C-alpha cells in the first residue's frame, strides 16, 4: 500500500478538526480560542487564551468559518499541494505549509497589531503552496530587465497578480459584509514564491548520484 502523502495528511487533519469544531457546543467558541488574534501576539490579554499565542498561527489553520470555507481551502490545498509534493517532496511541503502559516499570521498582524478579530482557516498556509505551484508549474515566461534576472521578474509578476486579485476579492467581499484575510493570503503566497526554487534545487542536489 502507498503511504499517504504529506498533503493528504494535512488535509485529513484539517478536515477532522474543523468538522469537530463546527459541531462543538457553543461554549467552546473554537475560532476565538484556537484562531489567530493579532492582539494576543502583541501581548494583550484576552478572555480566550486556550492555546498559547505563539501556536495560534498553526491552530488557526485547523478551524474554519463554516463547511464552505473549509471545502474551498481544501480544494486549493490538495490540488496545489499534491502537484508541488511530486517535485519538492513531503518534508518540504510540511516546512512550506508551516512557514506559510506563520508568514500569513505575521502579515495579518502587521497592519493592525491590536486587532481582536480572530483569523481562521488554512488559506494563508495554503497560499504558500499556491505560490510554489504558480512558480513551478506556470507556463508563462519572463525576460530579464537589464540586470534583473528573468526568474526574479517572473516571481514579481506572479506576486503582483496575486496581490491584485486578493485586493479586489477582499473589497468585493467587504461590500457583502464578509471579512477576508487579504494580508495573510499575500504573505503566504510570497513565502511560496521565495522558497519553491531553493527547496527544489536542494532536493535535486540531495538526489543527485555521487560522482
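At-a-glance table
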| quantity | calculated |
| --- | --- |
| Residues (surrounded by fewer than 17 Cβ atoms within 10 Å (Cβ to Cβ) and either under 13 Å from residue 196 (Cβ atoms) or free of Cβ contacts under 8 Å to residues at least 24 places away in the same chain (or both)) located in the stretch 87-107 | 95 |
| Residue 104 being farther than 17 Å from residue 189 by Cβ, within 18 Å of the chain's Cα centre (by Cα), in a helix (DSSP H, G or I) and at pLDDT 95 or above | no |
| Selected residue (criterion: modelled with the highest pLDDT) from residues of the stretch 21-47 that are within 24 Å of residue 78 (Cα to Cα) and in a loop (DSSP other than H, G, I, E, B) | 35 |
| Some residue of the stretch 92-99 being more than 19 Å from residue 9 (Cα to Cα) and touching a helix residue (DSSP H, G or I) at 6+ places or on another chain (Cβ under 7 Å) | no |
| Subset of the stretch 41-54 [free of Cβ contacts under 8 Å to residues at least 60 places away in the same chain, within 20 Å of the chain's Cα centre (by Cα) and closer than 14 Å to residue 115 by Cα] | 53 |
| Test: residue in the stretch 125-136 that is surrounded by fewer than 24 Cβ atoms within 10 Å (Cβ to Cβ), in contact with a helix residue (DSSP H, G or I) (Cβ under 7 Å, 6 or more places away or on another chain) and over 19 Å from residue 73 (Cα atoms) | yes |
| Residue within the stretch 63-86 that is part of a loop (DSSP other than H, G, I, E, B), surrounded by 22 or more Cβ atoms within 10 Å (Cβ to Cβ) and without any contact (Cβ under 8 Å) to a residue 60 or more places away in the chain present | yes |
| Criterion violated by residue 18 - all others in (1) within 25 Å of residue 190 (Cα to Cα); (2) assigned to a helix (DSSP H, G or I); (3) in contact with a helix residue (DSSP H, G or I) (Cβ under 6 Å, 6 or more places away or on another chain) satisfied | (1) |
| Unmet requirement for residue 3, which otherwise passes all of (1) touching a helix residue (DSSP H, G or I) at 6+ places or on another chain (Cβ under 7 Å); (2) under 28 Å from residue 199 (Cβ atoms) | (1) |
| Residue match in the stretch 22-30 (condition: surrounded by 15 or more Cβ atoms within 10 Å (Cβ to Cβ) and closer than 25 Å to residue 93 by Cα) | no |
| Hey, residue 158 under 21 Å from the mean Cα position of the chain (by Cα), surrounded by 13 or more Cβ atoms within 10 Å (Cβ to Cβ), closer than 27 Å to residue 40 by Cβ and modelled with pLDDT under 80 or not | no |
| Residue 121 vs. criteria under 21 Å from residue 81 (Cα atoms) and at pLDDT 80 or above | yes |
| Residue in the stretch 161-202 that is surrounded by the most Cβ atoms within 10 Å (Cβ to Cβ), counting only those that are more than 24 Å from residue 88 (Cβ to Cβ) and touching a helix residue (DSSP H, G or I) at 6+ places or on another chain (Cβ under 8 Å) | 181 |
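The values are calculated or read from the model by the stated rules, or taken from the named source; none is laboratory data. Quick caveat: nothing in here was measured; it's all calculated off a predicted structure. Every residue, glycine as well, gets a Cβ built from its backbone with ideal geometry; the counts of neighbours run over all protein chains shown.
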